[in-house]
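Notes to accompany the following structure.
The values are calculated or read from the model by the stated rules, or taken from the named source; none is laboratory data. Being a predicted model, the structure only gives us computed values, none of them experimental. Every residue, glycine among them, receives a Cβ derived from its backbone with ideal geometry; neighbour counts consider all protein chains shown.
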Amino acid sequence: MDGLSDNSYLSHGINAKIDKNCYSWAYSLTSAIGEVSKPSSRISYLGSGQAMEVKFIADNNVGKLARWLRLIGYDTLLFKQKDDGQMIKTALSEDRVILTKDTQFMKRRLVMNGKLKTILIKQDDPKLQVQEVLKTLNLNYHFKPFSLCLECNQALIARDKEEVQDLVPAHVFETQTQYTECPACHRIYWQGTHWQAMVKKLQDLQGGGGEKHTSS
């Protein structure tokens, strides 16, 4: 597990509508990331250059990595189709870095000649994958944390407390003052009790923390 599974503070007074549309950050990250997957890879490719507003497109074999990057604030599309050609077109047209564990993909001409910025992910644990990507591109672990929807990759919009009164559990409304909403899926986010724990998780990742990678 990714160490963020305690969402008991959401266990009271949540009906089906709220459970579907209202998330605290801890609940969202837990449900979005889930169990650690174990695909395999051996070779890495370090793309050249770096932009302050670097954007990514993640292959579906690193979907959990995409959600971690969104948590940090990096615009990260999740490509779920089978046609790699469409992923390439999107990456080129939107100037996105491709993240993948597919070693065959790295043999494409556009990757080999450097026109298609790509990182081949070696690690299996999503937390270690985050470290791998940010270290490769020398990126900030605290870029724009909690600014994107973990599900939709859309920039969150600040909402007044009164606007969400009927959309969040009563005890949340009584204790929280700051809320944001995804304009696409309309999930409501707030600074729940695990907010600081997740900030600490990012600090641990930046300091080299995380589960050690082992191979059988």
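When C149 is tested against (1) closer than 17 Å to G73 by Cβ; (2) free of Cβ contacts under 8 Å to residues at least 60 places away in the same chain, exactly one condition is not met: (2).
Cβ-Cβ contacts under 8 Å between residues 6 or more apart (or on different chains), taken from a first residue in region 162-189 that is within 18 Å of C152 (Cβ to Cβ) to a second residue that is of a type in the set (F, W, Y) and assigned to a helix (DSSP H, G or I), are listed as V164/F173; Y189/W25.
Residue check: is A170 modelled with pLDDT of 90 or more, closer than 23 Å to R70 by Cα and of a type in the set (G, A, S)? Step through it out loud before you land on a result.
On the way: modelled with pLDDT of 90 or more: yes; closer than 23 Å to R70 by Cα: no; of a type in the set (G, A, S): yes.
No: the conditions fail for A170.
Among the residues that make up region 200-207, is at least one of them among the small types (G, A, S) and either part of a helix (DSSP H, G or I) or in contact (Cβ under 8 Å) with a residue 12 or more places away in the chain (or both)? The answer is no; no qualifying residue exists.
Restricted to helices (runs of 4 or more DSSP H) entirely inside region 52-163, no element has at least 2 residues that are outside the structural domain of T175 (by TED's automatic domain parsing), on the phi > 0 side of the Ramachandran plot and buried (at least 19 other Cβ atoms within 10 Å of the Cβ). Within the set K117, K135, K127, K144, the sole residue that is more than 29 Å from W190 (Cβ to Cβ) and in contact (Cβ under 8 Å) with a residue 24 or more places away in the chain turns out to be K117. Looking at region 169-186 only, could you name the residues that are exposed (fewer than 13 other Cβ atoms within 10 Å of the Cβ), in a loop (DSSP other than H, G, I, E, B) and over 24 Å from the mean Cα position of the chain (by Cα)? Matches in region 169-186: T177 only.
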